[in-house]
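Report on one structure; see the data block that follows.
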Amino acid sequence: MNMTDGWICLDKPKGISSNLAMVKVRRILKEKTGYVGTLDPFATGVLPIAVGRARKFIQFIENVEKVYEFEVIFGASTNSYDETGEITETTEIIPTKDQIEKILPEFLGEVEQIPPKFSAIKINGHRACDLARRNKSVAIPSRKIFVHDLKLLQFFENNRAKFQVRCSKGTYVRTLAVDIAQKLSSLCYVKELRRLKSGFFSIDRAISLEKLAEIVDTSELDRDLIPLESPLDDIPALFLEKDCVSRLQNGLSVQLAESEILSSNVKLFDNEIGEFCGVCFVSADGLVTAVKMYLN
């Protein structure tokens, strides 16, 4: 396995797009890269970067829970729902700590959201934010998301509050913040947004662009390059002999005599050397077929 096939848990800085952050990692490592889960330019935090052949396995870690911390300013709204936009409205109604905590349970479970017009969602092939900047009419359909946990972390005297949310893929935290304010007959916009977790990847493993550039030619990179199979921790493992692995790598199937894993994707390992070889599917009758193999 190539030493630069794996994942970087990047702590994306404020002010650049997820794509530019990925390109910067590509230039530092001099390897092809991809990323999982777009962060707005003003947001910071966990941005998983697939390096080398890890790009082939992005599809298996896209639909994961996320954890965010976000700080809001009550009393005003902006056209982008965050601090980068223009203030469109103000109000004197500022909720109290008790009022906020009382209504938060109403946002748990399945929630219907309308993403902000200043978002990366595509409308007829165009990003909504690009259309909005050109003053084009943007009709964005609502979507259902799931909020697993939502809590108030801090309430400040100067109209500010800090929250943490654990939610499904596709959740727009800016919209959630605005909906909370509306429920309280107030207005708000998001001042700070930081992703703490994206599935397997968490902020305690995150590395800055500056630090990555420092360690790229040192043995420290081995510590921060996450093994290719590690984020696939929710997929069961299957160990097969080398000849069976070779069949799968060549597009052939393998019949299992018996298996506890049926009708499921599996992480395939070479039983002899214990090396990750790819993702396969085991059917209900024990037939193993390749889905994404590491070497082909």
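The values are calculated or read from the model by the stated rules, or taken from the named source; none is laboratory data. This one's a predicted model, so the numbers in the text were calculated from it and none came from an experiment. Virtual Cβ from ideal backbone geometry, glycine too; neighbours counted across all protein chains shown.
Within segment 214-226, take every residue that is among the hydrophobic types (A, V, I, L, M, F, W, C) and either part of a loop (DSSP other than H, G, I, E, B) or touching a Ser or Thr at 6+ places or on another chain (Cβ under 8 Å) (or both) and give me the one that is surrounded by the fewest Cβ atoms within 10 Å (Cβ to Cβ).
It comes out as Val216.
Residue-wise test of (1) closer than 15 Å to Ile8 by Cβ; (2) assigned to a loop (DSSP other than H, G, I, E, B).
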| site | (1), (2) |
| --- | --- |
| Leu212 | yes, no |
| Ile235 | no, yes |
| Cys244 | no, no |
| Arg247 | no, no |
| Gly251 | no, yes |
| Glu258 | no, yes |
| Ile261 | no, yes |
| Phe269 | no, no |
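Quickly run through segment 154-192 and pick out the residues that are hydroxyl-bearing (Ser, Thr, Tyr), in contact with a Pro (Cβ under 7 Å, 6 or more places away or on another chain) and more than 29 Å from Val36 (Cβ to Cβ).
Ser186
Listed here are the residues, each with its yes/no results for (1) modelled with pLDDT of 95 or more; (2) part of a helix (DSSP H, G or I); (3) surrounded by 14 or more Cβ atoms within 10 Å (Cβ to Cβ); (4) not hydroxyl-bearing (Ser, Thr, Tyr).
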site: Leu47; (1), (2), (3), (4): yes, no, yes, yes
site: Ala50; (1), (2), (3), (4): yes, no, yes, yes
site: Tyr68; (1), (2), (3), (4): yes, no, yes, no
site: Ile73; (1), (2), (3), (4): yes, no, yes, yes
site: Pro95; (1), (2), (3), (4): yes, no, yes, yes
site: Glu106; (1), (2), (3), (4): yes, yes, no, yes
site: Pro115; (1), (2), (3), (4): no, no, yes, yes
site: Ser119; (1), (2), (3), (4): no, no, yes, no
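Per-residue answers, yes or no, for (1) within 11 Å of Phe70 (Cβ to Cβ); (2) modelled with pLDDT under 95; (3) of a type in the set (A, V, I, L, M); (4) over 24 Å from the mean Cα position of the chain (by Cα):
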residue	(1), (2), (3), (4)
Gln154	no, no, no, yes
Asn158	no, yes, no, yes
Lys169	no, yes, no, no
Val190	yes, no, yes, no
Leu193	yes, no, yes, no
Leu196	yes, no, yes, no
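Taking Ile140 as the residue in question, decide whether it is β-branched (Val, Ile, Thr) and at pLDDT below 90.
So Ile140 fits the description; yes.
For segment 24-36, indicate whether the set of residues that are buried (at least 20 other Cβ atoms within 10 Å of the Cβ) and within 12 Å of the chain's Cα centre (by Cα) is non-empty.
The answer is yes, given that some residue of segment 24-36 is buried (at least 20 other Cβ atoms within 10 Å of the Cβ) and within 12 Å of the chain's Cα centre (by Cα).
Pairs please, first residue from segment 96-114 and farther than 16 Å from Cys167 by Cβ, second anywhere and among the hydrophobic types (A, V, I, L, M, F, W, C) and in a helix (DSSP H, G or I), Cβ atoms under 9 Å, 6+ apart in sequence or on different chains.
Correct list of pairs: Ile100/Ile180; Ile103/Ile180.
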